[in-house]
Amino acid sequence: MTLWLGVLFYVLRLGTKMRKRRLAELPREVSLLRLHLRLAKPAVVFAMLGFVGGGASAVWLRGWGVLESFHGLLGGVAVVLFGLTALYGRTAARGGEGSDANLHGLLGVLAMLVAALSAIAGFVLLP
């Protein structure tokens with residue numbers, strides 16, 4: 001999970017670079033967008049798989065409830081936020097109606113903050 005959170009943080013940095021260019025009314029840099037998309041898709045999928053794997057580990061290996069810990073609750077919120085970020089990003093990338101790059105970015109920042117809090121909350125669960 002740490003590796004994929006690192007990749008997601010890098011994807012967030014790429015997104016902030018694109019946002020700065022957009023706000024400065026500079027031309028769109030296609031290479032940034034391609035890299036952002038190429039890294040974000042698998043990273044979000046693996047973050048979601050990590051959430052499922054963590055829940056399975058909690059239930060079958062430790063005998064806990066799925067969302068019994070604060071770490072699990074934050075992880076669930078982060079997964080929902082990452083999913084919403086991906087949906088809004090997909091709409092924005094396709095130029096669909098109602099696409100809002102600012103909302104996509106805000107959701108991405110919130111997802112990363114909650115994921116970081118979840119990682120910190122998970123330290124107390126380590127054996």
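No lab work stands behind these numbers, since they all come straight from the coordinates. On a predicted model such as this, the values are computed, not experimentally measured, just so you know. Because the Cβ atoms are built from the backbone with ideal geometry, glycine has one as well, and the counts that use them run over all protein chains shown.
Tell me, Kirkwood radius of the chain from alpha-carbon pair distances, in Å?
So the Kirkwood estimate lands at 15.4 Å.
Compare the Cα positions of 30, 47, 76 along the charge dipole of the chain (+1 at Cβ of Lys, Arg; -1 at Cβ of Asp, Glu; about the Cα centre) and return the one farthest towards the positive end.
My answer, from the dipole projection, is 30.
So what's the net charge close to residue 7: Lys and Arg +1, Asp and Glu -1, counting the other residues with Cβ under 12 Å from its Cβ?
After counting each charged neighbour, the total is +3.
If you line up the long axis of helix 30-56 against the longest principal axis of the chain, both from Cα atoms, how many degrees apart are they, to the nearest 10?
Roughly 10 degrees, rounded to the nearest 10.
Under a crude label model (7 Å from the Cα following the beta-carbon direction), how far is residue 101 from residue 32 in nanometres?
Distance between label points: 0.8 nm.
For the chain, take the longest principal axis of its alpha carbons; what is the angle in degrees between that and the long axis of helix 70-93, to the nearest 10 within 0 to 90?
Here the helix axis deviates by roughly 20 degrees.
Suppose only helical runs count, i.e. DSSP H with n ≥ 4. What mean residue ellipticity at 222 nm does that imply for the chain under -39500 (n - 2.57) per run, divided by all residues and rounded to the nearest 500 deg cm²/dmol?
About -26500 deg cm²/dmol.
In whole Hz, with x marking every Gly and Pro, tabulate ³J(HN,Hα) for the stretch 17-23 from phi via Karplus 6.51 cos²θ - 1.76 cosθ + 1.60, θ = phi - 60°.
Using θ = phi - 60°, the values come out as 5, 5, 5, 4, 5, 5, 5 Hz.
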